[in-house]
1. Could you work out what % of the accessible surface of the range 274-404 is carbon and sulfur, using a 1.4 angstrom probe and leaving DNA, RNA and ligands out of the count?
2. For A93 and K597, compute 0.36 nm times the residue count separating them, minus their Cα-Cα distance, and round to one decimal in nm.
3. Over the range 557-667, what percent of the accessible surface lies on carbon and sulfur atoms, probe 1.4 Å?
4. With every protein chain in place, what's the accessible area of Y338 (1.4 Å probe, Å², nearest 10)?
5. With the contact rule set at Cα under 8 Å and sequence spacing of 6 or more, what percent relative contact order holds for the range 501-656?
6. Pairs of Cα atoms under 8 Å, at least six residues apart: use those to get the relative contact order of the range 46-115, whole percent.
7. Measuring from centroid to centroid over Cα atoms, what is the spacing of the range 500-571 and the range 340-379 in Å?
8. Give me the extension gain from V267 to D493: residue separation times 0.36 nm, minus the current Cα-Cα distance, reported in nm with one decimal.
Amino acid sequence: MTLSKYRFLGLLSSLLLVMMGLSQFGAVEANPRVVEPAKGVDMALATGTTLTVAVSPTSGLVGSMVKVDLKLTNASNLYGLQVDCTVTPSVLAGQTRTNGTIFTSNNSFILDSNPQSNGTWSLSGSLLNPAPAFSGAATAFTLNYNVIGAGDSPINCVTMAVDADGNPVSVSVVNGSFSATIPVTPTATPTGTPIPPTATPTNTPVPPTATFTPTPIPPTNTPVPPTPAPTTGTISGSVKYEKRSSHAGISVTLLTGGATGVSAGQVTTGADGAFQFTNVTAGAYAVKMTAAGHLGAVYTFTLGAGGISLNVVTLLAGDADGSGVINLADAGLIGANYKGTVPPAPASADFNADGVINLVDLVLVGKNFGKTTQTINQPPPTGGSGPTIANCPVFPADNPWNQVVTGLPVHPNSANYIASINSTKQYLHADFGSDPTYGIPYVVVNGSQAKVPITFTDYGDESDPGPYPIPPDALVEGAGEDGDRHVITVDGDNCKLYELFYANKNNQGGWDASSGAVFNLLSNALRPAGWTSADAAGLPIFPGLVRYDEIQAGMINHALRFTVHDSQRAYILPATHFASSSTNANLPPMGLRVRLKASFDISGYTGASKIILQALKTYGMIVADNGSSWFISGATDNRWNDDDLNQLKGVPGSAFEAVNTGSLVTQ
């Protein structure tokens, strides 16, 4: 490799790390932890390689600058180095990093956390093949600090190092310190400044929260004794590689009794990543998912009668050495085999399976640096067998979205409502499909996801204030084109749902949106009366979406969301907002629920369409917004089969009837 190519690779590495948000390695946190050494690395002081924290000057005035050289001596066969330094944040504030002569933009990649407000600063560097391992003495990095306050600050660093094979190299550390004083300045004579009176705060009354009470329906049939539930069920799920199109070759082991149980069976995934265990006795289980070059995952759950569909799991790339933690040893293996083909380069370091160890593999290590084996728990849904997402129910089982409507009476004005909807379109339509611009996307995050500020541009007085935990790569409805531009995030740890309408990223690191709403997935609480949400009806959007994973499980156990061309100035709970000025009583109100008639024959339908039609008989669908009539909402997913969904276009609107779930609200 020529020097010009080497320089290009170094610059490209730095550019991509910045573009992908990897200037701070590991999980992005306000106060990131110090990354612990990999298992087997002896960090005790030892003779041999030494890192000296050389501070210059060792004392100075507030407002001056301090240079800290991290100098290696007696190094032997060193290929990667991690240094985590801590200062007193009230005395020193980190500013810039300068590379030494060991790791440069021409021969290595460098991960830099940037100086943190708690005084920590973490750096990792790995040489790139064909650069030789480093031996001798040189400066690794120089850290530049600004003196911001008086006092003494120790400058303590801990290190870990590896050779070209990813083996640990013992490094002793000699730390430093700095002492700061305040410069003497003349004392100014104080001048009195009038203090304006403090305004008396006023309380804004909060509208009462509406509650939904379904109309009681007297039983009309003689109760039938329940059939004893079966004692076995089917476990189905799907697991994916982080950066591959084919998900074949992942080992999935079923463990009885939970994560520490014994094996009850093992399967290997095909290209779609799906797996299944059939005729399994009800009880506590776990599935363990493993693949070379990726962190494993252990998913615990309780299997009830009938079966369970597990949430999709993505195995994180970067564990090249299979240690169960992504650390500097993995970065060293990538560097040692950089641009090498597989084989002879190890396949475990080729995370995207393109046959070469390259910058993609390098960045995946940086992206997942410090992460370990995933542990996932899926508890039984609260209050019954309602829909779930991540570790959460999608609202309690008795929520209106999860209510069975087969026994509810037909609404007195059903015929007129259906006729008005039919006046513009007469057949069902799936407003989602394999095209990524179709459907409404959502993303599931964990409780550590950073929250960003939200600026509301239209309905801020009816919106829940930010910040919202929206990741930088969150998908926008319509794939960025103009339209409703919904953005939906589910916090799977705290069971919170965050939704935005007409969302656009701004240049302050947050989002602008017309409106937004936050819902507690563990509660049946509604929006305040008269308030909108990210949907016109004041309803949450997510619980009404058709999700592909539900189709895989063979059942949708909730109502669906749909739109109508024209609506009236009224709503029915659980909706809390109308979106029309028309007082035409024959137009559907927001929140109106319709169901597919029991007499409509669905036996000739197949696949997703048949599952959707059965849900429309059992749970129905709710008017949530103005749009094209009979358009059903679903989640964006390229796995949808459009030919399958097109069967719905043959279902007429006349096959539906409106059901009575409550009275109209017009104010």
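The values are calculated or read from the model by the stated rules, or taken from the named source; none is laboratory data. Quantities reported herein were computed from a predicted structural model and do not represent experimental measurements. For neighbour counting, all protein chains shown are included, and Cβ atoms are generated from backbone atoms with ideal geometry for every residue, glycine included. Surface areas here come from the heavy atoms of the whole protein model, side chains and all, with no ligands, DNA or RNA. Shrake-Rupley method; radii C 1.70, N 1.55, O 1.52, S 1.80 Å.
1. For the range 274-404, the apolar C and S fraction of the accessible surface comes to 55 percent.
2. 174.6 nm
3. 47 percent
4. For Y338, the solvent-accessible surface is approximately 10 Å².
5. About 25 percent, as a whole number.
6. Result for the range 46-115 is 26 percent.
7. The two parts, judged by their Cα centres, are 36 Å apart.
8. Stretched fully, the V267-D493 segment lengthens by 78.5 nm.
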